[in-house]
Amino acid sequence: MSTAEPLRELIISSVMDRASRNGGFVTRADLSWVSLPTGDGRRVIDAARGIWNPRDMDATLSVVSSPTGPYADREVEGGLFHYSYREGSTNGDNLKLRRAYELGRPIILLRKVRDGVYVPYAPVFVVGDLLEKREFLLALDESVRFLSVDAPERRYAERLVKQRLHQAEFRGRVIAAYETRCAICRLRHGELLDAAHITPDREDDGLPAVSNGLSLCKIHHAAFDMNMLGISPAYVVHVDRQLLEEVDGPMLLHGLQEMHGTALTVPPRRGDRPDPARLERRFADFLTRAS
Ligand SMILES: [Zn+2]
């Protein structure tokens with residue numbers, strides 16, 4: 001049964017802290033040496049393989065999953081994540097993941113969202129080992145860990161887990177593309193950054209692609225969603241006229257009014273930059289509603 005393994009818990013919380021500071025993701029470089037509060041550091045990803053079995057630990061520490069498309073649905077069923085056995089034998093690398101199952105050890109699931117960039121989920125528990133299907137079942141959440149296979153809550157859990165994966169991976173992809181920066185004010189605190197949708201995700205073409213996203217701090221995200229500011233297809237920030245005439249404290253002055261007419265900070269890679277056609281539609285909306 002599960003016995004405490006303080007080092008594992010320390011590593012998991014250090015990885016999650018790192019991800020929070022980055023804005024919801026970790027890089028391969030972060031994972032090759034995660035510093036611990038003890039002053040020590042640990043590798044958290046295998047240099048070549050998708051599973052990391054540290055020699056001095058009794059069970060797997062992390063597994064990598066590379067989604068083939070922007071959606072994770074295929075891998076999620078009944079609120080559980082299906083993780084395929086490693087190629088080759090039923091044992092080999094899989095033995096220590098089976099040990100994580102037997103011992104109830106938490107592991108880290110690393111979803112690769114772009115080259116060298118991962119969204120981590122932890123603590124994740126192995127709750128099933130399907131020998132015939134050659135896959136493990138992972139619970140991304142304590143709440144689904146002990147649900148029986150046919151519990152009606154599974155359907156709700158499935159929706160919640162898919163939603164959680166979509167949101168977390170969209171956020172990780174977008175904020176990584178902007179190198180942990182607000183596109184409007186350049187604030188560099190991942191904890192304060194969101195991935196805003198240009199075409200809202202409730203609309204049919206509200207794809208979770210980076211070119212439909214903007215990395216924005218909480219204030220600028222809310223202001224953008226409320227059409228208090230707009231972004232032109234030429235990547236220029238426009239602040240609502242009425243807001244420009246208001247007189248108030250430093251947040252209004254520096255945080256909003258002074259952003260008027262400034263250029264958006266866009267990702268270095270061209271393909272990651274906001275889609276001008278989407279911005280144009282969204283900007284028309286801002287102009288119509290603007291005072
Ligand atoms: Zn900002």
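Throughout, read-outs are computed from the coordinates displayed, never taken from laboratory work. Just so you know, these numbers come straight off a predicted model, no measurement behind them. Every residue, glycine among them, receives a Cβ derived from its backbone with ideal geometry; neighbour counts consider all protein chains shown.
Listing for the model above:
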read-out: Cβ-based exposure ranking for Arg154, Arg42, Arg173, Arg159, in which fewest neighbours within 10 Å come first; value: Arg159, Arg154, Arg42, Arg173
read-out: Computed E for Asn91/Arg21 - FRET, C-beta separation, R0 25 angstrom, nearest 0.05; value: 0.10
read-out: Mean projection area, nm², convex hull over Cα of the range 128-251; value: 11.6 nm²
read-out: Rg over Rh [alpha-carbon atoms, Kirkwood Rh] for the chain; value: 1.04
read-out: Under 30 Å from the Cα of Lys133 - lysines, other chains or at least 8 residues apart; value: Lys96, Lys112, Lys162
read-out: Residue with peak Gaussian network fluctuation, the chain [Cα springs, cutoff 10 Å], from Gly172, Gly50, Gly92; value: Gly92
read-out: Estimated inter-spin distance, Arg289 and Asp115, nm [label 7 Å along Cα→Cβ]; value: 3.8 nm
read-out: Principal semi-axes in Å for the range 214-291 [√(5λ), Cα gyration tensor, largest first]; value: 22, 15, 10
read-out: Potential lengthening between His260 and Glu102 on full extension [0.36 nm per residue; Cα-Cα distance subtracted]; value: 51.1 nm
read-out: Longest site-free stretch - the chain; sites: GluC sites (Glu not before Pro), DSSP loop, at most 11 other Cβ within 10 Å; value: 1-86
read-out: Peptide ranges 214-222, 12-20 listed from the most packed, as the mean C-beta count within 10 angstrom indicates; value: 214-222, 12-20
read-out: Spin-label model distance (nm) - Arg241 vs Gln163, 7 Å beyond Cα toward Cβ; value: 3.9 nm
read-out: Efficiency of FRET between Ala29 and Glu142 - r from beta-carbon atoms, R0 41 angstrom, step 0.05; value: 0.85
read-out: Full-stretch length increase - Glu5, Leu131 - with 0.36 nm per residue and alpha-carbon distance subtracted; value: 42.6 nm
